[in-house]
Each structure stands twice: as structure tokens, then as C-alpha cells.
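Worksheet: one structure, shown below.
Every read-out reported here was derived from the displayed coordinates using simple, explicitly stated rules and does not represent laboratory data. Not measured: the values here are computed from a predicted model. Methodologically, a virtual Cβ is constructed for each residue, glycine included, from the backbone with ideal geometry; neighbour enumeration extends over all protein chains shown.
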Amino acid sequence: MIVKKGIWLWAVILFVMPLCVSAGEYNAGVRGKVILHTDKMSNGEPIDYLDKDHPRVTVMTVEIEPGKETGWHSHPMEVYAYVLSGRLTVEIEGGKTTEFKKGDAIIEVVNVRHNGINKGKIPVKLIVFYLGGEGLPTVIKSDKPQTLHPEP
């Protein structure tokens, strides 16, 4: 009986820990919740449309409180998002700034540092789709770039 409980506990820990790690890569004031993390398509077959050895798709909700930001980070994979509420300002390494509002779809930059900021008075809420692979982090935190504006 104790052995079965121990095995069950380890199974839960091994399943839940990767979800917690994925959700905790942004700054304070930013909450992420994994909705789905899978290597299967809706028909139960393995994902075979990503150019990865062991493809995984992670779907999360991300909420950024007013006045908060994600912190500078990059994504080593394709990331797509949909803005459910609020207005998101994204600073991109090299000096470009882009704004997204409720109803906008976002095609995120890959392997380029960027920072999402909520300059508004209501939370920014996103649904985010990470097209990754086994062992590949969804978010890589980084330092702020030396300059946000390109050289003339």
C-alpha cells in the first residue's frame, strides 16, 4: 500500500514539475498557467509536423498585471499568442517597439530578446502556444540589451 502511494506521488511530481517550471520563467506580477503540454495530436497520434526530434506543444494562459513586465527573455522556438484583454507593449532587441491590443494575434520573435510590458490599467491576458520539443525551455531569461536603439 505504501509503495503504491509512493509511486503515485512520484508520478504526480514528474508530471506537474515541468508544468510549474514552464509557468515560472517570467518576472513577479506575471502569472502563467499551463493549459496543455503534449506530444500528441487531437487524434492521439504523435505530433509529426514540427521539425524537432521529440516535438511538444505547450499552451498557456499568461496574465501581466498593470505596471508589470515579463522581463527580458527569448524563445528558442515558434511562439504564437492571442490577446484576450488589455494592451501589451513589446520592446524588441534592436530598438523596435510593438503594441498589441485585445483581439490581436501575435507571432513572436524567435531567438531575439524582448520584453512585454503592461502600461495600462487592466491586466493583459494572453493565450500562448509554444511549438517546442522535449527538453527545450519555452522561455530563456536574459539581461536587458545594452542599447534599445539601433546605431545610426
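Could you work out how much longer the chain between residue 141 and residue 41 gets when fully extended? Use 0.36 nm per residue separation minus the Cα distance between them, nm to one decimal.
Separation in residues times 0.36 nm, less the Cα-Cα distance, equals 33.1 nm.
Amide H to amide H, which residues 5 or more places from residue 85 or on other chains are under 5 Å from it, using H placed in the peptide plane?
Under 5 Å from the amide H of residue 85 lie the amide H atoms of 125, each far enough along the sequence or on another chain.
For region 21-152, what relative contact order do you get, as a whole percent, if you take Cα pairs closer than 8 Å and at least 6 residues apart?
32 percent
How would you order 40-51, 96-107, 115-126 from highest to lowest mean count of nearby Cβ atoms within 10 Å?
Peptide ranking by packing, descending: 115-126, 96-107, 40-51.
Each label point is 7 Å from the Cα along the Cα-to-Cβ direction; what then is the distance between the points at residue 61 and residue 129, in nm?
1.8 nm
Take the Cβ-Cβ distance between residue 28 and residue 84 as r, set R0 to 22 Å, and report the resulting FRET efficiency rounded to the nearest 0.05.
Values: r = 21 Å, r/R0 = 0.96.
Computed FRET efficiency for residue 28 and residue 84: 0.55.
Need one number: nm distance between label points at residue 110 and residue 98, each 7 Å from Cα along Cα→Cβ, rounded to one decimal.
1.4 nm
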